[in-house]
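Inspection log for the structure reproduced underneath, given as structure tokens.
None of the figures in this text is laboratory data; all of them are computed from the coordinates on show. Keep in mind that what you see is a predicted model, and the values were worked out from it rather than measured. Here the Cβ positions follow ideal geometry from the backbone for every residue, glycine too, while neighbour counts run over all protein chains shown.
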Amino acid sequence: MTTIYSGSIADLPDLALSTRQPWAHAIVNGWKDIENRKWNTTQRGMVCIHASAFNKRNYDNDFADYEEVVSEYAAPSNAHRLLEVDPSNLTFGAIIGVARIVDVTMRHSSPWFFGKYGFVLADQQILADPIPVKGALGFFDWRPRKIVAPELPAQPVSAQGSLF
């Protein structure tokens, strides 16, 4: 079941996890309940799901290999849903949703788990409007940071130093 994120952009988590398409799409639609990684994390709670730009170059040839890529992972009972997705509608290089990391495991009954570590996901939601963001490896802070110069203390103007 797909749930659309109803909060504001300001309420989105600062941390994001970049995932290749079509797996990011499967996560935010609630079909994929495990994100596999070679590394462990202590991170728990809501994170943004970033759809990597990496696979876009693999699909640029009219998405001819999309079905082949998805079919390699046809074992999960709901992976067939990805075959129903028009790959030209996938978003790349953007925050596309959120998910809650509730656990990290080295064993799981989910057909999506193939380890070494599985980030167990819940509360997946898709954004109605993706937010273009350059991704990074691991967890990354996706929000642009403004560098604000500190305010200088006001200097008293003396009568002698005044230009007027």
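Here the convex hull built on the C-alpha positions of segment 6-50 has a volume of 92 cubic angstrom per residue.
Peptide packing: for 109-121, 3-15, 129-141, the average count of neighbouring Cβ atoms within 10 Å per residue gives the ranking 109-121, 129-141, 3-15, highest mean first.
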